[in-house]
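Asks: Just dropping this structure here.
The values are calculated or read from the model by the stated rules, or taken from the named source; none is laboratory data. Please read all numbers here as calculations on a predicted model, not as lab measurements. When we count neighbours, we look across all protein chains shown, and the Cβ atoms used for this are built from the backbone with ideal geometry, even at glycine. Areas reflect the complete protein model, heavy atoms only, side chains present, ligands, DNA and RNA absent. Shrake-Rupley method; radii C 1.70, N 1.55, O 1.52, S 1.80 Å.
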Amino acid sequence: GRKCQLNGVWRNDQDSVMEISMVRDNGDFQGQYLTRVTLAGGCAQISPLRGAQQQLGEEGWPTFAFTVRWDKFSNATTAFVGQCFVDAGGKETLSTTWLLREAVGSLEEDWKATRVGRNVFTRKRTSER
Ligand code: BTN
């Protein structure tokens, strides 16, 4: 299959949008994330993300991980892991699993502080909002 590039603007199945801007030669990358949903139900703000992509050969579909710092509006942290796939028509999909850690006030509440879920991202077309 075709090579998969993480650079660009992606939208997921929850209508969140992220832009991965800088992918370095060593696989480190940075970007921005705008989530459409929040734990508190309030408004989100654009949040920085940082990650690392595994370095495979030219034809590889890389695995990657990134974290998002929501600290402009929340004390939670999310870590995503995933892999990029390209179908026969050239459509790229990022299949990810995430852990969302919420800050709790005591060790007794630790058991309920971590959520797990999945998100699928596809490339956002430039004509979309
Ligand atoms: C918070 O509400 O405290 C932080 C925002 C969490 C958004 C989560 S991260 C996993 C899932 N995928 C998204 O695009 N948004 C939610």
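Asks: Residues that are surrounded by fewer than 14 Cβ atoms within 10 Å (Cβ to Cβ) and away from the ligand (no atom under 16 Å from the Cβ): does segment 90-101 have at least one?
Replies: There is at least one residue in segment 90-101 that is surrounded by fewer than 14 Cβ atoms within 10 Å (Cβ to Cβ) and away from the ligand (no atom under 16 Å from the Cβ).
Asks: Moving on. Kindly provide the set of residues from segment 57-72 that are within 16 Å of the ligand (Cβ to nearest atom), outside any strand (DSSP E or B) and either free of Cβ contacts under 8 Å to residues at least 24 places away in the same chain or buried (at least 16 other Cβ atoms within 10 Å of the Cβ) (or both), ordered by number.
Replies: Trp70
Conditions tested, residue by residue: (1) outside any strand (DSSP E or B); (2) surrounded by fewer than 19 Cβ atoms within 10 Å (Cβ to Cβ); (3) among the hydroxyl-bearing types (Ser, Thr, Tyr).
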{"position": "Gln30", "(1), (2), (3)": "no, yes, no"}
{"position": "Arg50", "(1), (2), (3)": "no, yes, no"}
{"position": "Gln55", "(1), (2), (3)": "yes, yes, no"}
{"position": "Ser74", "(1), (2), (3)": "yes, no, yes"}
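Asks: Is it the case that Val104 is of a type in the set (Val, Ile, Thr), open to solvent by 40 Å² or more (accessible area, probe 1.4 Å), within 16 Å of the ligand (Cβ to nearest atom) and in a loop (DSSP other than H, G, I, E, B)?
Replies: yes
Asks: Across segment 32-48, what is the number of residues that are assigned to a strand (DSSP E or B) and touching a residue at least 40 places away in the same chain (Cβ under 8 Å)?
Replies: Here the count works out to 0.
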